[in-house]
1. D22: farther than 21 Å from V143 by Cα, in a helix (DSSP H, G or I) and of a type outside the set (A, V, I, L, M, F, W, C), yes or no?
2. How many residues are without any contact (Cβ under 8 Å) to a residue 60 or more places away in the chain, over 19 Å from K61 (Cβ atoms) and not small (G, A, S) if we restrict to region 4-31?
3. Can you tell me which residue is most open to solvent (accessible area, probe 1.4 Å) among those in region 123-140 that are out of contact with any Lys or Arg (no Cβ under 9 Å at 6 or more places or on another chain) and either among the hydroxyl-bearing types (S, T, Y) or without any contact (Cβ under 8 Å) to a residue 24 or more places away in the chain (or both)?
4. Which of the residues that make up region 149-160 are in contact with a Ser or Thr (Cβ under 9 Å, 6 or more places away or on another chain) and either surrounded by 20 or more Cβ atoms within 10 Å (Cβ to Cβ) or of a type in the set (G, A, S) (or both)?
5. So which helices (runs of 4 or more DSSP H) stay within region 51-106 end to end and still have 2 or more residues that are surrounded by fewer than 18 Cβ atoms within 10 Å (Cβ to Cβ) and out of contact with any Leu (no Cβ under 8 Å at 6 or more places or on another chain)?
6. Looking only at region 27-50, count every residue that is in a helix (DSSP H, G or I) and either within 21 Å of D96 (Cβ to Cβ) or charged (D, E, K, R) (or both) and tell me the total.
7. One residue is enough: does region 70-87 have a residue meeting the conditions hydroxyl-bearing (S, T, Y) and at pLDDT 95 or above?
8. Of the residues F48, F85, F74, only one is farther than 23 Å from D118 by Cα and of a type outside the set (K, R); which?
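The values are calculated or read from the model by the stated rules, or taken from the named source; none is laboratory data. Just so it is clear, the structure is predicted and the values come from calculations on it, not from any experiment. Note: ideal-geometry Cβ built from the backbone for every residue, glycine included; neighbour counts use all protein chains shown. All accessible areas refer to the heavy atoms of the entire protein, side chains included, with ligands and DNA or RNA removed. Shrake-Rupley method; radii C 1.70, N 1.55, O 1.52, S 1.80 Å.
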Amino acid sequence: MQERAKRTREALIRATAELIGDGGPNAAGLVNVCRTAGVSRGALYHHFDTMEALVAAVRLKARKELDVLIEDAFETPAYAGAARFSTSLGRALGEDVTLRAGLQLGPSGSDGSPRLFDEVLGLVRGRVSECEADDLADLVMVVTAGLESLGRRDAAWWDPGTAERVWSLLEPLLSSPLPGPSAAG
């Protein structure tokens, strides 16, 4: 692909990601994307057959970034990997609008289920439950989903120090057996 065409394609993906990451999937309409990217409608349709294809490209780029985060985090044991993933995800969400946008998107680039975030939680849960109890895997999902969700209202929740504090508070609880359900009398 020629350099100019590559830059235009990347500008369209970045503009779409910015609009979705900051305003949700509905903010990424044709006119807004073209205006933000600084390109014409013709340029958009030269690179992408449909707006859905452009939005799907944002999701795909985010998925590739998430795969790297997951692989890097789980080079360590499951619990430590989960904490590393959660911390890395927060950092990436604060810095990378493509990731912020992609997590909100479904497989076809829509905002329908399953969103990329749901898929990622499933992958992380699977990694943790390979080595740890299902209860821990569930806790990892709750903490990670909570930090991601809270960060959409206040980016301080995405700060790596916040995730590290949360995980450090949980670690003593997790080093001893988790309590089972209370026995019914």
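1. Numbers: farther than 21 Å from V143 by Cα: yes; in a helix (DSSP H, G or I): yes; of a type outside the set (A, V, I, L, M, F, W, C): yes.
The answer is yes for D22.
2. 3
3. R125
4. Scanning region 149-160 gives G151, A156.
5. Details: elements: 51-73, 78-95, 97-102.
Here the list reads 51-73, 78-95.
6. First, the residues of region 27-50 that are in a helix (DSSP H, G or I): 27, 30-37, 41-47.
Now narrow it down to the ones that are either within 21 Å of D96 (Cβ to Cβ) or charged (D, E, K, R) (or both): 27, 32-33, 35-37, 41.
Residues that pass the stated criteria total 7.
7. For region 70-87, residues hydroxyl-bearing (S, T, Y) and at pLDDT 95 or above: absent.
8. Details: F85 fails: farther than 23 Å from D118 by Cα; F74 fails: farther than 23 Å from D118 by Cα.
Of F48, F85, F74, the one residue that is farther than 23 Å from D118 by Cα and of a type outside the set (K, R) is F48.
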